[in-house]
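Only the coordinates and a few stated rules stand behind these numbers; no lab work does. Just so you know, these numbers come straight off a predicted model, no measurement behind them. Please note: Cβ atoms are built from the backbone with ideal geometry, for glycine as well, and neighbour counts cover all protein chains shown.
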Amino acid sequence: MIEKIKAWAAANPKVAQWVREGGLFVLVSNAITVFKYMLLTFLPAAFAFMGSQDFGFPGIDLNLFGIEFKWYIIGYGAEQGGLAYFTAYMIAMVIGEVINFFIQRSWVFRSHGNILYQGMWYLLAFCVVTCVVNSINCIWVAVAGHFVPNWLYNIGTTVLNGGVSMVVFFIVNKIVFSDAQPEKA
């Protein structure tokens, strides 16, 4: 069986590279998502001293399912933890993505390109993804917080962030880490 897989990989090196990278990418991304979930579960308590105050931009008042809250592209309303939750959220996301960058770059995509160039593109993608995900997550946290316990909506937060990030970052990584060579059989 292994010989057949090796023969197929040798005959289809580009496809084999996509399969290898895609599989490893999903495994690493999911492990990082679990790590971020653990951080997001415990970090908000570390920042409780900041208090729950509105923090973010633009802070548009919304009402969804009878729940009033402020919508932010980046940030959270006081009811969702405000500055304290946002600080914990960003720390969890940044730590997770820094670890993810180096593992994906070195192990998954086997890239040896210019790390500053790659890092800047990765950072740009992180900023865009964070704004998109946070603008959705802001609604999720506000509404779900009224119906489910914190641990459950933190799973939703992490899965949303991880899922969107995985799709976007796989594409970004394939472009940014494109100097990698197909694996030889």
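Observations on the model:
- Cα-only radius of gyration and Dmax that characterise the range 49-92, units Å: 10.3, 31
- Computed extension gain for residue 52 through residue 147, at 0.36 nm per residue and net of the alpha carbon distance, reaches 32.2 nm.
- Shape of the chain, Cα gyration tensor, a/c cut at 1.5: prolate
- Mean Cβ count within 10 Å, highest first, over the residues of peptides 150-157, 7-14: 150-157, 7-14
- Here residue 6 is the anchor, and the aspartates and glutamates within straight C-alpha reach of less than 13 Å, apart from those fewer than 8 places off in the same chain, are 183.
- Spatial separation of Cα centroids for the range 15-46 and the range 118-185, in angstrom: 10 Å
- Summarised in one figure, the compactness ratio Rg/Rh of the range 108-148, Cα atoms and Kirkwood Rh, is 1.29.
- Derived scalar couplings ³J(HN,Hα) [the range 65-77; Karplus, 6.51 cos²θ - 1.76 cosθ + 1.60; whole Hz; x for Gly, Pro]: 6, x, 9, 8, 7, 9, 9, 10, 6, 9, x, 9, x
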